[in-house]
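Each reported figure results from applying straightforward, stated rules to the coordinates on display, with no laboratory input. Source: prediction; values computed, not measured. Note that each Cβ is placed from the backbone with ideal geometry, even for glycine, and that neighbours are counted across all protein chains shown.
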Amino acid sequence: METIFLKILNMSLTATYVIAAVLLIRLLLKRAPKKYSYLLWAIMLFRLVCPVSISSEFSIFNAPPFDMAAAQKNSPSALSYVPADIGYMEKPGMTVGIPTMNAMISESLPPAAPAASVNPLQLWIKIGTIVWGSGVAALLLYALVSYFRLKRRMVTAVRLNNQVYESDSIRSPFILGFIQPRIYIPFGLREQERVYILKHEAYHLRRKDHLLKPLAFVVLAIHWFNPFAWLAFALMAKDMEMSCDERVLTETGSDIAKEYCSSLLAFATNQRFPSASPLAFGETGIRERVKNILRFRAPKKRMIAFSAAACILAVAVCATNPIVNGAIDEDIEPYGSYRFEEQVYMNLFSSFLAFEGFKEYYTFTENSLIITDEVGNQQKMAAIYEREALDEQEFKNSFIMPNMKGASLNVPNISGYKERYQYKLTHSAVNSDYRLYLLDDELWLAKMHKDNVNTLKSEYVWSIYKISKLNEDMPENTTITGTQDGVDAFLALQQDFKSGYDTDMPYNITPESMKENSEYRIFKYDQSSASFLLYKGEVYPLGEWFGGFGVTSMALADLDSSGESELYFTYSFGSGLHRSLAGYFDPVTEQVQAFDYAHMGGDMALMPNRDGTLSLYAAKISSSAGFVNFTAERTDFIADIVYAKGRISLKPARDE
């Protein structure tokens, strides 16, 4: 229930900004037909009920002073200001989309209390959820009770014709019902007066207002704590009525304006009977309606065109989220994150081909290239960015094959590209170098092969991948897969370990990329889930494991810039009180360090970010075939792992 409350809170904050924008646009349309003002409130309704939206460059949230980077941290389609796990954060943080206010609000939040059984913010969220739920229930109950009371009072109404009924128990016309709505009018209306009153109500029915207004009230009940929602509901009801008044005047002529106003005033001054239920459909905003009727004139074509354009612009501005990642700008360095799109070239001597379904991600920062595979394993290498024109002949020469007497083979043709540039990204005497080719609007990433034995050519292109800007999240899961590789050597070093299970067998769960880029080897038992690190001939226990999954994810990162990558990992334990923790092995001190945070009642997983750092997420275990074969799927963001002030720690919210 707390999760639902926080989602409603996030939607309500987005809707508050949109309502403020709609109010400003509504002022611009003050002299326009009210049907356009009425249409604007559909945007507000969408923002209050839908947590996701498409991204657009025209979004109001792209404009100052908004900065929605933190709110879109988990997904560009949803704006999340209050994290779902804010009650469990060591140092709670949130955003309101305005950087100048974020720090002030976050600093006012109560920090976690390690000695207490429940964090203060957890308690406040629970109380807030109860109050919110009680308010929703009270408003909906009030609406239903008043609706059925009114319906019971209308049993004495006399049918005039079709859907129209007359009653001496009402003070003004209204519509009651959803599936078979009825129009109720007071007794004693004059013939002409009855004509335009019924036209007004018939237009409501034609436009389905008798369904839209109750729906809006239900949404209001859900967001009852937001004063802007109450203001929007009241103004929407007025715009709804005034647009119907204008329709009547357009069809019958403005000659009836004074008589029409007299009827409205008579309805307003007749206080003998109570007004209609919130779920019924009655008259509202008499004063504003009278003023609008008296000044109504048939709109000119240019006013109609202006109003329609304003509504279209309002949808583009208010109903969309900001763009997270823009397109590649050829005038600046190609920093950012990209994904594998297709294989352009592969050397015939290579044993690897990128088949359908191959996934790989590439992050270019100011001084590094980071390659991430689909389960989150990373390679990080230093990079420089010096653009130079790409000569076509030089490009062809880089494909000369060794031992083939200068012959070239399957060289991609770049003659059709008008703009051709290259970056020699990395340089190493031992490892493979990388180059980045910018060809019009395409980017190719080339891996160079070093062959110091061959005298014909010591470096040539080994592979080329076409890559595209990453407009989606990085990998959302990590997989644990056990093998018997190196198990005997591990057991010889571990010697006398007893897990308490007779058939407990260790497996090597080290990801392949970690084997290739480090000396870390992680082993895990299939019955107890006991997890260990083998590093330089020494065995280190990785957290606790009884009753949990043991190690659930692993990642490499050199966050402290020591020159050696730390091993980061998450693990869970406890069958009665299940909890998950995170830690890392420091290769400099050769010690395992645990972070001061426990995720209660679930598991966690490490995930790479587009800038090469790591983040911690809540996770759910799926596709499980035992403790040494399963997938951990990330859910809610918990914290970033950062290096600051000489120590590695968890940071609940990223820098704004």
Cα-Cα longer than 32 Å, checked against Lys7/Lys469; Lys380/Lys645; Lys34/Lys126; Lys35/Lys258, kept in input order, equals Lys34/Lys126
Over the range 477-651, what is the relative contact order in whole percent, taking alpha-carbon pairs under 8 Å and six or more residues apart? 18
Checked against the positive end of the charge dipole of the chain (+1 on Cβ of Lys and Arg, -1 on Cβ of Asp and Glu, about the Cα centre), the farthest of Ala644, Tyr465, Pro173 is Pro173
Radius of gyration and Dmax over the Cα atoms of the chain, both given in Å: 33.2, 108
From the Cα centre of the range 130-153 to that of the range 1-38, the distance in Å is 24
Taking Rh as the Kirkwood radius computed over alpha-carbon pairs of the range 198-272 and applying Stokes-Einstein at 20 °C with viscosity 1.002 mPa s, one gets a diffusion coefficient in µm² s⁻¹ of 152
How much mean residue ellipticity at 222 nm does the chain get from its helices, if each DSSP H run of length 4 or more adds -39500 (n - 2.57) and you divide by all residues, to the nearest 500 deg cm²/dmol? -10000 deg cm²/dmol
How high is the relative contact order of the chain, in percent, with contacts defined as C-alpha pairs under 8 Å that are six or more residues apart? 11
Gyration tensor on Cα atoms of the range 477-651, a ≥ b ≥ c root eigenvalues, a/c under 1.5 rounded, else prolate if a/b beats b/c, else oblate, says oblate
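Counting Lys +1, Arg +1, Asp -1, Glu -1, what net charge surrounds Ala20 among other residues with beta carbon under 13 Å of its beta carbon?
Here the charged neighbours net out to +2.
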Stretch Glu516-Leu123 to full length: gain in nm at 0.36 nm per residue minus the Cα-Cα span? 136.8 nm
Beyond 23 Å, how much of the Cα-Cα pair distribution for the range 1-86 remains, as a whole percent? 28
With just the Cα atoms of the range 517-588, tell me how far they stretch along each of the three principal axes, in Å, largest first. 41, 23, 16
Which angle from 0 to 90°, rounded to the nearest 10, does the C-alpha axis of helix 209-222 make with the longest principal axis of the chain? 50
